[in-house]
Amino acid sequence: EPEVTQTPSHQVTQMGQEVILRCVPISNHLYFYWYRQILGQKVEFLVSFYNNEISEKSEIFDDQFSVERPDGSNFTLKIRSTKLEDSAMYFCASSEATGTEAFFGQGTRLTVV
Amino acid sequence: GNSVTQMEGPVTLSEEAFLTINCTYTATGYPSLFWYVQYPGEGLQLLLKATKADDKGSNKGFEATYRKETTSFHLEKGSVQVSDSAVYFCALSRAGTASKLTFGTGTRLQVTL
């Protein structure tokens, strides 16, 4: 069964460093998403991406964040200068079209120290 | 804005017990409603969904009915199994789309023999 894969499963980084979280969406999907979950809190929408551009973003997704689909298979989330409060589980998701089920990856746990 | 409220966990039940996990929502218009499940070490999986009032979503013995009058989407299962132990997330999205899911905090279910 096709699945969304995320790497790494866990990343530890120093405050102020740049991190790139990687995702491989399901191959025929056109819509891509990032969500995050701070420990003990809700899963929060960050950004959606379609046709090589951001289609929607939340207030969390500030200038420190960027997304890219560099090669037609990967979908990345970059945090330019990490802060302690960026520590969270980050989930990538993809869907075939709007109105269809979003499939989630297993998540990347980011720990900023 | 949109929001989802779930009952606090953890919920601990014996095998074959009846399960209810409460979920209420606040939204404008007529959102679509979802239950996602996260098994240990895995990503979020769609469990069931309902897209209009009085719809009943069902899957794997779980059911939830979209109640507009009470703005609720409670998850139920008549007889839980140990394999149902997981975290359950209630979520909503704007009508007609699966993008930008708004999640509840999640409820951890632990089923014991």
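The values are calculated or read from the model by the stated rules, or taken from the named source; none is laboratory data. Computed from a predicted model, the values in this text were never measured in an experiment. Here the Cβ is made from the backbone with ideal geometry for all residues, glycine too, and neighbour counts use every protein chain on show.
Out of the strands (runs of 3 or more DSSP E) lying entirely within segment A:41-113, which hold 1 or more residues that are at pLDDT 95 or above and away from chain B (no Cβ under 14 Å)? Spell out the reasoning first.
Details: elements: A:43-50, A:53-57, A:65-68, A:75-79, A:88-95, A:108-112.
In segment A:41-113, the matching strands (runs of 3 or more DSSP E) lie at A:65-68, A:75-79, A:108-112.
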I need every pair where a residue in segment A:31-47 that is without any contact (Cβ under 8 Å) to a residue 60 or more places away in the chain and under 19 Å from A:Ala97 (Cβ atoms) has its Cβ under 6 Å from the Cβ of a residue that is part of a strand (DSSP E or B) and among the hydroxyl-bearing types (Ser, Thr, Tyr), sequence separation at least 6 or different chains.
A:Phe45/A:Tyr35
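Please state which one of B:Thr12, B:Thr51, B:Thr20, B:Thr24 is surrounded by 14 or more Cβ atoms within 10 Å (Cβ to Cβ) and either modelled with pLDDT of 90 or more or of a type in the set (Gly, Ala, Ser) (or both).
On the way: B:Thr12 fails: surrounded by 14 or more Cβ atoms within 10 Å (Cβ to Cβ); B:Thr51 fails: either modelled with pLDDT of 90 or more or of a type in the set (Gly, Ala, Ser) (or both); B:Thr20 fails: surrounded by 14 or more Cβ atoms within 10 Å (Cβ to Cβ).
Unique residue meeting the criteria: B:Thr24.
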Has segment B:2-12 got any residue that is of a type outside the set (S, T, N, Q), within 30 Å of A:Pro2 (Cβ to Cβ) and in a strand (DSSP E or B)?
yes
With the first residue restricted to segment A:4-18 and required to be closer than 17 Å to A:Tyr33 by Cα and touching a residue at least 24 places away in the same chain (Cβ under 8 Å), and the second required to be part of a strand (DSSP E or B) and small (Gly, Ala, Ser), Cβ contacts under 7 Å at 6 or more apart or on different chains are A:Val4/A:Ala93; A:Val4/A:Ser94
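With in a strand (DSSP E or B) and either within 11 Å of chain A (Cβ to nearest Cβ) or exposed (fewer than 14 other Cβ atoms within 10 Å of the Cβ) (or both) as the only criterion, which of B:Val111, B:Val87 stands out? Full working, then the answer.
Numbers: B:Val111 fails: either within 11 Å of chain A (Cβ to nearest Cβ) or exposed (fewer than 14 other Cβ atoms within 10 Å of the Cβ) (or both).
Testing whether each residue is in a strand (DSSP E or B) and either within 11 Å of chain A (Cβ to nearest Cβ) or exposed (fewer than 14 other Cβ atoms within 10 Å of the Cβ) (or both) leaves just B:Val87.
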Check segment B:72-81 and report whether any residue there is under 30 Å from A:Phe49 (Cα atoms), buried (at least 16 other Cβ atoms within 10 Å of the Cβ) and within 14 Å of chain A (Cβ to nearest Cβ).
no
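Being hydrophobic (A, V, I, L, M, F, W, C) and closer than 14 Å to A:Phe91 by Cβ is the filter; apply it to segment A:5-25 and report the residue that is nearest to the other protein chains (Cβ to nearest Cβ). Reasoning before the result, please.
Our first condition is that a residue be hydrophobic (A, V, I, L, M, F, W, C); within segment A:5-25, this holds for A:12, A:15, A:19-21, A:23-24.
Those left that are additionally closer than 14 Å to A:Phe91 by Cβ: A:21, A:23-24.
Working: A:Leu21: 14, A:Cys23: 11, A:Val24: 13 Å.
By that ranking, first place goes to A:Cys23.
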Checking the structure you have, find out if any residue of segment A:49-59 is touching a residue at least 40 places away in the same chain (Cβ under 8 Å), over 16 Å from B:Thr102 (Cα atoms) and small (Gly, Ala, Ser).
no
